[in-house]
Amino acid sequence: MLRTGMEETADRATPELPVFDGMALPRVSSLLKDAKKRFEDIKNLECRKDDVILAAYPKSGSHWVWEIVSMILKQKAEYSKEPKDSFFLEALPDLSFIKNLPSPRLLNTHLPYRWLPNQHIENGGKIVHVLRNPKDVCVSLYHHAKISKGFGEIGDFGTFFDKVFMNPKVHILDGWFKYEKDFEQAEREDKLGAIFTVHYENLKKNPIQETRRLAEFLNVELPDEDIAEISDKCSFQKLKLANETVKDHSRMPDRERLYELLTKKLYRKGMIGDWKNHLTVAMNEEFDAVFKKEMKDSYIQVQFE
């Protein structure tokens, strides 16, 4: 059941957001209209065996990884004119758009694992999952939310940290902890080797090595020079420039609302450890205590530095 507002899941200080399946959702047009239908349409999506789905918690680096995977699948270090958001399952005005896309299709979503397409999982379809230090995710999500207004009026960073990201009553897309633990469980139970987790920090520190690992996972043979060229073209500054000069944002969902963000402010810093410029000592101690409790049975190795 879809409710508008957070009356049953958060205090009054929390921005009003659509809610479905116990999750607070960003204010994307398709989810505001009928979240239940869009979730079920994605769950029942007709998939091809060579589809690739990129799944990541918001602000974990999915635009970056999407571009790398796109180049790998094309076997060419060439930017796609279409931005990642043109294949974003939650936000597309009509999912029928993807029916006519050529194979292999690279789709992407922020939905939790349990809402990924049934057929894709049954087919053993490839899933690239991106995992990032949640402190940096929190900072990046805050700056994104300020510009996009996707989570309403959020106030300063301290308010966002307390009332949204760390609020146990909100659960934006399940909240980072549950989202990542569910993916960890799915990968542990994956007997087909269909899920590949790439750590944002590893990709930042060792782009050529991680790009090669992605290509191997996708069963794409590329010479070393192609791997190096893809890594170079997908560096932060070059991707930022390509987003402003190459991408065609004219067909974007929610284009009018998100145009400035997508064309000018999507790539903010792309650094590791920006959380140190935002979290106070008290915030950091609070986060570490919650992390220790929530992840006590998890083997996820988060790189906080």
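The values are calculated or read from the model by the stated rules, or taken from the named source; none is laboratory data. Not measured: the values here are computed from a predicted model. Counting neighbours? That spans all protein chains shown, and the Cβs are built from the backbone with ideal geometry, glycine included.
A few points about this structure:
- Selection of the range 151-166 for residues being of a type in the set (Asp, Glu) and part of a loop (DSSP other than H, G, I, E, B) yields Glu153, Asp156.
- Applying a threshold of 7 Å to beta carbon distances and a minimum spacing of six or more residues, or different chains, the list of pairs starting in the range 51-68 at a residue that is modelled with pLDDT of 95 or more and ending at one that is assigned to a loop (DSSP other than H, G, I, E, B) and charged (D, E, K, R) reads Asp51/Arg105; Ser60/Arg132.
- Selected residue [touching a Cys at 6+ places or on another chain (Cβ under 6 Å), closer than 30 Å to Asn206 by Cα and of a type outside the set (A, V, I, L, M, F, W, C)] from Glu78, Glu82, Glu67: Glu67
- Selection status of Leu92, outside any helix (DSSP H, G or I) and within 30 Å of Lys205 (Cα to Cα): no
- Inclusion of Lys74 among residues that are over 29 Å from Asp156 (Cα atoms), surrounded by fewer than 22 Cβ atoms within 10 Å (Cβ to Cβ) and modelled with pLDDT of 95 or more is warranted.
- Of all residues making up the range 225-235, the number that are touching a helix residue (DSSP H, G or I) at 6+ places or on another chain (Cβ under 8 Å), surrounded by fewer than 16 Cβ atoms within 10 Å (Cβ to Cβ) and not in a loop (DSSP other than H, G, I, E, B): 1
- When Lys99, Lys59 are screened for being basic (Lys, Arg), more than 25 Å from Met23 (Cα to Cα) and either part of a loop (DSSP other than H, G, I, E, B) or out of contact with any Phe, Trp or Tyr (no Cβ under 7 Å at 6 or more places or on another chain) (or both), only Lys99 passes.
- Qualifying residue in the range 95-107 (condition: within 23 Å of Tyr200 (Cβ to Cβ), out of contact with any Cys (no Cβ under 7 Å at 6 or more places or on another chain) and of a type in the set (A, V, I, L, M, F, W, C)): yes
- You will find that of Lys163, Lys146, the residue that is crowded, with 17+ Cβ neighbours inside 10 Å, at negative phi, out of contact with any helix residue (DSSP H, G or I) (no Cβ under 7 Å at 6 or more places or on another chain) and free of Cβ contacts under 8 Å to residues at least 12 places away in the same chain is Lys146 and no other.
- Of the residues Ile68, Ile53, the single one that is touching a His at 6+ places or on another chain (Cβ under 7 Å), farther than 20 Å from His171 by Cβ and not in a loop (DSSP other than H, G, I, E, B) is Ile53.
- First in the range 174-191 and more than 14 Å from Gly22 (Cα to Cα) and in contact (Cβ under 8 Å) with a residue 40 or more places away in the chain, second anywhere and of a type in the set (A, V, I, L, M, F, W, C) and assigned to a loop (DSSP other than H, G, I, E, B), Cβ under 7 Å, 6 or more apart: Phe177/Met295; Glu180/Ile300; Glu184/Ile300
- Candidates Val220, Val170, filtered to the one that is surrounded by 21 or more Cβ atoms within 10 Å (Cβ to Cβ) and part of a loop (DSSP other than H, G, I, E, B): Val170
- Answer residue from the range 1-20, given it is at pLDDT 80 or above and touching a helix residue (DSSP H, G or I) at 6+ places or on another chain (Cβ under 7 Å) and is surrounded by the most Cβ atoms within 10 Å (Cβ to Cβ) among those: Pro18
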